[in-house]
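Take a look at the structure below.
The values are calculated or read from the model by the stated rules, or taken from the named source; none is laboratory data. Quick caveat, the model's predicted, so the values are computed rather than measured. So basically every Cβ, Gly included, is an ideal-geometry build from the backbone, and we count neighbours across all protein chains shown.
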Amino acid sequence: MPLIRRTLVLVSLLAATAIVLAACGGGGGGGSSAAKANYADALNRFCTSFKGGVAKVQAATSRIPRHATRQQALGTFASAIDDYAKAIRQGLKQLDDATPPSDYRSFNDGTVKGFTAAAGRLQQDAAKARDGNVQVLSSIGQELNGIAVPDTPKDLATAASACS
């Protein structure tokens, strides 16, 4: 069924957004070692939640039966995408609650902004899928790839191993 194939391609595109978060950027400099370690722990929790959401989407969409109607497949997809948006928001709470050291503040703010936008877009697209809009399957990956998140500072990327 072409719908299922498109859904699986979409899941791959969603997983690719995790790579954006783990991209290497500039080095660090401001903030105590303890503050940096605490922030790295918060980022690890965010990435763990994010990756868990990707896995749930993959599992849910792989269970769509070949004989499913278009509406059934779209409904399953919409539920999975809603759950993914919730996982992102749950992970973002870790970053919202963290106090980033000064040299991670810009990264934190940009990451929270970018992934908040992604979660909002996912929820909008889930609603479109529930309404029977098949085109959302081909546009969601492009929309998510257009959301900007900053490069992870090199020292933070090393310390936040769950994000790689």
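Quick check: is even one residue across segment 80-94 part of a helix (DSSP H, G or I) and more than 15 Å from the chain's Cα centre (by Cα)?
no
Identify all residues within segment 120-159 that are in contact (Cβ under 8 Å) with a residue 40 or more places away in the chain, of a type in the set (A, V, I, L, M), crowded, with 18+ Cβ neighbours inside 10 Å and not in a loop (DSSP other than H, G, I, E, B); write none if there are none.
LEU122, ALA126, ALA129, LEU137, ILE140, LEU144, LEU156, ALA157, ALA159
What is the number of the single condition among (1) at pLDDT below 90; (2) within 18 Å of the chain's Cα centre (by Cα) that ALA98 does not meet?
(2)
Quick one: count up the residues across segment 129-164 that are closer than 15 Å to TYR84 by Cβ and at pLDDT 90 or above.
Adding up the residues that qualify gives 2.
Scan segment 143-161 for residues that are small (Gly, Ala, Ser), in contact with a helix residue (DSSP H, G or I) (Cβ under 8 Å, 6 or more places away or on another chain) and within 19 Å of GLY114 (Cα to Cα) and jot them down.
ALA148, ALA157, ALA160
Which condition number does ALA59 fail, the rest of (1) under 21 Å from ASP82 (Cα atoms); (2) modelled with pLDDT under 85 being met?
Here ALA59 meets the rest and fails (2).
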